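Where a number appears in this text, it was derived from the coordinates with a stated rule and is not lab data. The structure presented is a predicted model; accordingly, all values stated were derived computationally and were not measured. Using ideal geometry, Cβ is built from the backbone for each residue, glycine included, and neighbour counts are taken over all protein chains shown.
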Amino acid sequence: LASRPADVHVVSESLRQDIWFTEPGLHRIGRVVYTSTSDYNLDEFEVGAAPVSLAASGSAVWFTVPERNQVGRLDPISGTVVLFDLPTAQADPADIVVDSNDQAWVTERTGNRLAFVTISPTVVITEYVLPESGLMPEGILLDDGGNVWFAASATDSLWRFTPANDTYVTLSSLGQGSYPYRLTQSSSSDIWTTLRNANQLAQALLGTLPFTTVYTVPTPNSQPGAISIDSQGRVFFAEQSVAQIGQLVVTPPASFTEYPLPPPDLKLTGLAVGGDDSVWAVAYRDVYQTHLPVVVRDYDPLTYKVRLPIVMQDYDTTPPPFAIQMYGAIRPTTDFTR
């Protein structure tokens, strides 16, 4: 219950899918692998810090640790975890993506930078200061041409950075206060972003400025977050504030379908589409602690004397008596049932 999963990523290979997710509450990264249509294996890896965003490749899992200003790498075969300090203090790493060479790109929200992390064989972290101050980069994406796209949440715009020639291009504003959050790319190379505060999805065609289409989510104030696209071009996104998975089909006429998570009190945090078009989401339920009056009668059966503190081994296999004292009738609608 304390795991509080924050992000999910699916690695699809020819014969299997690995579903990776972060567990910041337990300082772990989890992996689900299905062995049949109904059976699965779940592994958890201790990483020694609170991972939030993650990106997985076939050989490693990269993740951010905002509270410690770090980026981490997990080798799932050996279980080895390495944590790297970002050069800029209080950079506040937000999102992460990995390329085909197992190199990671990270947005530094407060640091107003992009970080490029390589291991060859020692770790090298290169930071790129963004061309304007206070952009607050959030989501990040790598396109097929080696360009790095990121959402500038503070200026409500989308940027493209080309590392080969160190150039930046920005698209027009998406609307004041829209807060572009996470990014994805379709098979036709369209760039999509969720506009968290505007309750919208925005679509851009590469080479066409500004954005061509904006779609408003039917449920008000849903705060769309993570976004992913399946092989049929259907756009799936997490409606974080209302615990719903949204689906947008663009083929005219455009239409939305919304799927509430079965328990309505879940907090939906991440979403990803697998190679078989399965949609994976992570969510958690807040845990509350309740203190009740407790009556304990602990005695030694030989001497009939109270014995404190309680030492379990003194009782062999019989634990000391323990009870909760409730006053009045116990009804399922008003009190505890067990």
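A few points about this structure:
- Estimated FRET transfer efficiency when R0 is 25 angstrom, pair Arg68-Arg285 (beta carbons, to 0.05): 0.45
- Per residue, the convex hull spanned by the alpha carbons of region 202-284 comes to 102 Å³.
- A straight chain from Ala2 to Thr213 at 0.36 nm per residue would run longer than the Cα-Cα distance by 72.0 nm.
- With 0.36 nm allotted per residue and the present C-alpha distance subtracted, the Val82-Ser231 stretch has 50.2 nm of extension available.
- Estimated FRET transfer efficiency (Leu42, Gln17; beta-carbon r; R0 22 Å; 0.05): 0.95
- Nitroxide proxy distance, nm - points 7 Å out along Cα→Cβ at Thr167 and Glu132: 1.9
- Extended-chain gain in nm, criterion 0.36 nm per residue less alpha-carbon gap, Ile119 and Val249: 42.8 nm
- Residue-by-residue Karplus 3J(HN,Hα) for region 87-93, coefficients 6.51, -1.76, 1.60, Hz, glycine and proline x: x, 7, 5, 6, 5, 6, x
- For region 1-160, the spherically averaged projection of the C-alpha convex hull amounts to 10.4 nm².
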